[in-house]
Each structure stands twice: as C-alpha cells, then as structure tokens.
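The values are calculated or read from the model by the stated rules, or taken from the named source; none is laboratory data. Everything numeric in this text was worked out from a predicted model, so none of it was measured. Note that we place each Cβ from the backbone using ideal geometry, even for glycine, and neighbour counts take in every protein chain shown. Remember, those area values only see protein heavy atoms, side chains included, never the ligands or the DNA or RNA. Shrake-Rupley method; radii C 1.70, N 1.55, O 1.52, S 1.80 Å.
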Amino acid sequence: MDYVKIIPCLDLDNPVEAACYYNDSGADEIAYFDSKATKEGREPNIKEIKEITRSVDIPLLVCGGIRCMEDIKKVLYAGANKVCMNSAAIANPDLVKEASDRFGRDRIIVGIDLSTMKNPVEWAVKMQEMGAGELLLIHNNEVPDYISLVKEIKKEVRIPVIVSSYGTKAEEMCEMIQETDAESVSLYSLEKMDIMEIKQGLAAANIEVNTYESRMSFDQFKLNSDGLIPVVVQDYKTNEVLMVAYMNQESYENTIRTGKMTYYSRSREELWVKGETSGHFQYLKSLTLDCDNDTILAKVSQVGAACHTGSRSCFFQPLLEKEYDHTNPLTVFEDVYSVIMDRKENPKEGSYTNYLFDKGIDKILKKVGEECTEIVIAAKNPDAEEMRYEISDFLYHLMVLMAERGLEWKDITDELADRE
C-alpha cells in the first residue's frame, strides 16, 4: 500500500503501555529507541522488547545498543521486525551488508544523524549499496536545512526514507512530508499523541495515510424505527461478546474518523464515545455488516471493562445453561501454559511441574527428548490411542521448556504465521 507511515517513539519509562496505546490508536509502526543502551555500553533490553512484541500487532523498530551481528540476531529473534543501526554502521559498514544478507534488507535500517554527519548524502548512497532497506534521517531539532538535506538524499537513493519530527500536530509535519516525499515519519515527542487525529489532519492536506474507510455508506443500512442500527461488540482477540449498543449516522462516521467506538445513547439522546469519562475506550479493529444489513458486528480492543458495572462484559447474568463440554481447542494450549506459568511463579508443594523447574533445564530437556522418542515408538503401533497420550505428554513438557526459557505461545504462532 502506498501511504505515509506514522511511527511514534515509545516512552522508555513505560514502553509496553505506550506500545499498547499506539497499537490501538492508529500507528503504522512503533519505534523503541533505547539511546541509553548505546551510551552506557550495554546490550539491548531483550526482555522489554519481547514484552512489547507480545502486546502489539503492528511492526516494531528497535534502535540502540546494536554493536554486532549477535545483537541484531537477539533483537530480531525477540520479535522486532526491524533493527536500526547508527554508530554500529559507522564503526563497521560491513555489518550492514552481513545483516542484510542474513535477515533481508527489508529488516535493516541505517540511521543517519544529519546534525553531525559531514557527508550525509554520500553516506546514504553507501548504506544503500551495503544493503540497508530504509534510512532513518535523524536531527536534533536545530538543523535549519534539514528538509534540504533530506531532499538531496531522496534524489540519490531508491530505498524508503524515514524523516524525524519533534512536532505533535499534523500541520507541523505537512511541509516536511510534502517537500521531501518521505515514505515514513518518526515522531520523537514522548507526549501521548492521538495518531488518528494526526492522520486526519494529514489526509485533509491530501497526504495519503492509512485510515479507516467504510465500504458502504450509512444510508445503505436498514435502520430501526428510531433511525438507529444495533452494534454487537466483540473482543478482537478472544471473540468474547462485550456489549450491544446503537449507532446513528453521526456516531458511525465519528467511529470511522477517530478509530474509537462512538455510539448514540437512546436514554440521553446524544452521542457518546465509549470510555471518554471512564478511560475504558474501545479501539476499532473491524466492522462487519450482517446479511440483512440491519446489524453491525464490531471487533475492538477493549481497555478495561466494557460494562458500566465494572465487569469485563455486559453479559454476566446466567439465565439457564445445559451441561456441555466447555473445552475450547483454540485456547486449551494457552490455558495449560497459564497453569504452568502460575506454578513457576507460585510454587506448589508436591507439584510435578515445580519438580521439573527445581531440577532445571537439563532435566526438562531430558524429559522432552524422552517424550519425543515415545511418540516415535507409539506411532509404530496401529492403535493411534497410545499416540494421543504420548503427544499430550510431549506438549506438556514442551510448554514447561517454553516457560523455563521465556517463550509464549504467541511467539510460536507468530513464527508459524510468517511461514505461511
């Protein structure tokens, strides 16, 4: 898709919280710039990078503490989508080529500080030749000819360019984007910004950005006698039904424009943005119309509780229930893994899981190997029942190993999804 990407930088005091906010509020990518890692001579914070990638759906760009191929490998294996090098590229330009050859140039960014680089245009061309997939053009907010330098670089390279902005308003970015024709903008302000609002301002200036756009107009919907359409709201990850509300045309269009679920209150006869007073916003992920065009299904990222009572869902009062198997094959791995993690964090006397954790990694690996062998032996038996038990034992011990080494199922499913 051909649009300008908006990439806010994360506040390093609360990076996971900031990442979740920008994941929901319209950012195309997020940037984790750990400048202290470079200054202090330490490695990138892999634990924090993992937490961020497990919490978001959008690409993560990591910069800071990168000195060698091992640092790049750790960052990418932790879940980051792209690595940015600045001083490491200056110290060893061959590292850019080595990383590009190994991981693909689309995952390698080279940062160029236009405040200090003596020959930035020549360096940009060289980094492109070495295999950089993008260039991040940095400045210290005191470079009067920043736009001119960016334009010179853009004339000489064919790879995408990320410009940096310290502004928080669309009008502060418009000139830079229009003058330089940059593919992305990195927002260096740590002030919490409404990215969808910024994008709407850019769109008004005829700059192509990634915003929501409905495939049907509101007048194509079948409304009830009050001129409203009901909306069933689900959690976009779990599919849990959270609530039911109503929309009129104005609330529907406001939802599309802001990315925050906006409804029409029949009792108050006015629009209301969900979470405006409580902070429990619902960030739009998708809208789907039913077969009769008279009901909308909204999938959202819910902050806090959906119900005014404080309950996660408005549907919590049982009326009747027939006995049935509640097991959900789509969540059973997560459920078992959660129990294993609970044992790790809150040991229980007599627990076999805690016995494995106490014995350590060698014992866990031994059990994984044994169970794998038993699957092979069981597979030779024409009765598949024995295989069922051995595979279950193997998966349990595999999850203990994952917990011991800090892997979650999301890490595995993300990797598998990339192989489709």
Could you please find all residues in the range 219-236 being part of a loop (DSSP other than H, G, I, E, B), open to solvent by 80 Å² or more (accessible area, probe 1.4 Å) and touching a residue at least 12 places away in the same chain (Cβ under 8 Å)? Lys222, Asp226
Do you know which residues across the range 278-306 are surrounded by 15 or more Cβ atoms within 10 Å (Cβ to Cβ) and outside any strand (DSSP E or B)? His280, Phe281, Thr295, Val303, Ala305, Ala306
Scope the range 241-277; condition touching a residue at least 24 places away in the same chain (Cβ under 8 Å), outside any strand (DSSP E or B) and of a type in the set (Ser, Thr, Tyr); matching residues: Tyr252, Thr255, Thr258
Which residue, of Ile109, Ile90, is open to solvent by less than 30 Å² (accessible area, probe 1.4 Å) and not polar (S, T, N, Q)? Ile109
Filter the range 20-38 down to the residues that are under 21 Å from Ile108 (Cα atoms) and part of a helix (DSSP H, G or I), then identify the one that is most open to solvent (accessible area, probe 1.4 Å). Lys36
Look through the range 184-218, keep the residues that are surrounded by fewer than 17 Cβ atoms within 10 Å (Cβ to Cβ) and of a type in the set (Phe, Trp, Tyr), and return whichever of them is farthest from Leu287 (Cα to Cα). Phe218
So, in the range 116-138, of the ones that are open to solvent by less than 10 Å² (accessible area, probe 1.4 Å) and assigned to a strand (DSSP E or B), which residue ends up nearest to Ala31 (Cα to Cα)? Leu136
Among the candidates Cys63, Cys20, Cys68, which residue alone is within 28 Å of Arg405 (Cα to Cα) and in contact with a Gly (Cβ under 7 Å, 6 or more places away or on another chain)? Cys63
Test: residue in the range 333-341 that is part of a loop (DSSP other than H, G, I, E, B) and surrounded by 10 or more Cβ atoms within 10 Å (Cβ to Cβ): no
